[in-house]
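A short worksheet on the structure shown next.
Any read-out appearing in this document is the output of simple, stated calculations on the displayed coordinates, not a laboratory observation. Remember, it's a predicted structure, so these values are computed and weren't measured experimentally. Positions of Cβ are generated from backbone atoms using ideal geometry, with glycine treated the same way; all protein chains shown enter the neighbour counts.
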Amino acid sequence: MSKISDPTVFATGYGNLETNTDASASTSRSRMNPNQASRRIIGSFYSALLQLGKYDLNHLPMQDYPTWARRVVHAERKRRKDKGVEMPTRSERRNILDFGEGIISQPNGDQQGSVGDDQQQLTKQKKGKAPKPTPEEFDGEYLHTYVIDEVTYDVVYDKTLSRTDGTLTKRNSNVWGHFVCKTEDCGERKWDSSVIATNLRFCRPRKAYKVTLHAQKCNQCEQYAEPIVEVTTLVKRVVYVLDLWMGFRAKEPRKDKEIKSDGPHDTERCHGCEVNECPYAERE
Ligand SMILES: [Zn+2]
Ligand SMILES: [Zn+2]
């Protein structure tokens, strides 16, 4: 457990997590960009996850993990929810690794029944094609397994809910977190932000929602960098707003949501500001 919660395992290899260590593999790993994991690394990571009990699986430091690792954790949590604690079948394992690698867009495409037929159709079409990375914004599907643990009603995650759909209920929020620029020039340049723009969309009739996290441009290389937020904080925020919209909670006075007026928010480089999904931009 302690080893898997150490994010450096992503950069330095999994030799110590594996029963079968492979010297040549760890050499190539150490040179890798941790965000672009090979199938072998994803597989090793998944094998390590399978050793974890439910509690440990639900308390991983997700905020320190690269996107592929969060996808694998999300998929495994979902699998255990659906299938219980048995070990995965060969095809389940393949699906989860495909999902981690970004080859398919759903961890278990056939289990999205509650989302409706249209969504299923879409999932099938997308299968086999690697989804294009969207460097300026990130989908928050990995939050869903946490959200459904917190809410007392049925909600589904639908990553196709569109920004331009006027029928959806929407809310922008800021969360604390940091950005990491991983371009070759910047290495792992990191900066904190109190205004990471997030957007929540909700389709009331279908009880479907989607969370978008907006990237910010690095002020050294002007490339977008991925926002890293604390999962529990963002989940709390999402659940609070969903509760309000579902009529399960009365509005509370905002406390932590106030944005400091003197906060140096770099609106020029915030993708949320660009697409009007940043609470900072809303104030003006
Ligand atoms: Zn940079
Ligand atoms: Zn902004």
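For Glu188, the shell of other residues with beta-carbons less than 13 Å away shows a net charge of -1, using +1 for Lys and Arg and -1 for Asp and Glu. Considering only alpha-carbon pairs that sit under 8 angstrom and 6 or more positions apart, the relative contact order computed for region 134-284 is 28 percent.
Residue order for Tyr209, Tyr224, fewest other beta carbons within 10 angstrom first, comes to Tyr224, Tyr209. Is any residue of region 177-198 close enough, with backbone N under 13 Å, to a label point placed 7 angstrom from the Cα of Glu230 along the Cα-Cβ axis, and if so, which? 177-178, 193-194, by backbone N distance to the label point. Around the amide H of Ala208, modelled in the peptide plane, lie the amide H atoms of Val156, Cys203, all under 5 Å away and 5 or more residues distant in sequence or on another chain.
Which pairs break 32 Å Cα to Cα here: Lys182/Lys210; Lys54/Lys236; Lys81/Lys182; Lys81/Lys217; Lys217/Lys251; Lys54/Lys207?
Lys81/Lys182; Lys81/Lys217; Lys217/Lys251
Here Met246, Met62, Met87 are placed in order of increasing Cβ neighbour count within 10 Å, fewest first, which gives Met87, Met246, Met62. Starting from the amide H of Cys270, placed 1.01 Å from N in the peptide plane, find each other amide H under 5 Å away whose residue is 5 or more places distant or on another chain. Under 5 Å from the amide H of Cys270: Lys217. Compared with the alpha-carbon gap, the fully stretched path from Asp56 to Lys81 is longer by 7.5 nm at 0.36 nm per residue.
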